[in-house]
């Protein structure tokens, strides 16, 4: 789905040509997936791409396509670098630019030629609130993730972490995913005390708890879910129940209008009250969409306010060094009432 009207509104408000860089942003506004930038000037939007992306760009309808290349090997090519091509297409003295997504070299080149108006907060705000098309794709990514999570629970014992992660990735692909949203995490025993553990050849034992953090990507949209399986040790069970209580209380507070920092505070308060505050070593959640980590950010320093149709995670965890870790994560849609939780696997003991 194209969202070019949003770029036209930015141009109108800033009285400047708009330049959008960064693959996720370009995809969000134009549905184009490849190298290139969008330029909105005088009410018209151009997709500017390198020569190698010409055929892919031509699949995008209702946009003016311009090609650049170091040498003018055809009449339709703008000769020169990306900066040169942008300069030839921009008619204003200033550029409205998402500075957060522009490479340093490109920013330096453009800022030497144009006044820069930073629109990164505005672009982030647009992307944080999902439309129905985006929500459908995220739900589908969640269904695929749920199938992979089910298979992982069945395969964790007597396999290595690498083998289980491979089974997960294969399951997501054959169930409809274009890719995984991030490299799948499978962490058994002591390895589960590392929040972002990279799967190894460690063979999971019968008494190991296992943290599985996975997410499918469907038609450009991500999902994120974590479960802790094989709870046999009483100490692990105790920690699991604390983390689950923290997650459930935080989820119950997720609604449009609440401060994101308040969600973090609620989860953190439960864990601190149980005496494990120093072992909750990351924020409580984040937005999910084209990127698996995007606005809003659910941490104690966040200034974000939750809004209807944002998609966020709630994922408290406790990590005991050299022993084990527990994390439980769900992705959910923010509403004016209780959130719509897109669960992937049963989590109550």
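Please treat every number below as a calculation from the coordinates, not as lab data. Everything quoted here is computed from the prediction, not taken from an experiment. All Cβ positions, glycine included, derive from the backbone under ideal geometry; neighbour counts span all protein chains shown.
Reported value for the chain: 148 Å³ per residue, from the convex hull of its C-alpha atoms.
With both labels modelled 7 Å from their Cα along Cα-to-Cβ, the residue 278 to residue 133 distance reads 5.1 nm.
With Cα atoms defining each centre, the stretch 110-145 and the stretch 224-267 are spaced 27 Å apart in the structure.
Straightening the chain between residue 83 and residue 252 buys 56.0 nm, computed as 0.36 nm per residue apart minus the Cα-Cα spacing. If you line up the long axis of helix 260-273 against the longest principal axis of the chain, both from Cα atoms, how many degrees apart are they, to the nearest 10? Helix 260-273 and the main axis of the chain meet at about 20 degrees. Rounded if a/c is under 1.5, else prolate if a/b beats b/c, else oblate: with a ≥ b ≥ c from the C-alpha gyration tensor eigenvalues square-rooted, which is the stretch 248-312? In terms of gyration-tensor shape, prolate. Counting only DSSP H runs of at least 4 residues, each contributing -39500 (n - 2.57), and dividing by the residue count of the chain, the helix-based mean residue ellipticity at 222 nm comes to -10500 deg cm²/dmol.
Using a ≥ b ≥ c from the Cα gyration tensor of the stretch 158-284 (square roots of the eigenvalues), is it rounded, prolate or oblate, where a/c under 1.5 gives rounded and otherwise the larger of a/b and b/c decides, a/b for prolate?
Since a/c reaches 1.5 but b/c is at least a/b, the shape of the stretch 158-284 is classed as oblate.
Given R0 = 45 Å, the distance between the Cβ atoms of residue 118 and residue 206 translates into a calculated FRET efficiency of 0.25.
Reported to the nearest whole Å, the Cα centre-to-centre distance from the stretch 274-339 to the stretch 168-205 is 19.
In terms of its C-alpha gyration tensor, the stretch 219-349 has a prolate overall shape, because the principal axis ratio a/c (a ≥ b ≥ c, square roots of the eigenvalues) is not below 1.5 and a/b outweighs b/c.
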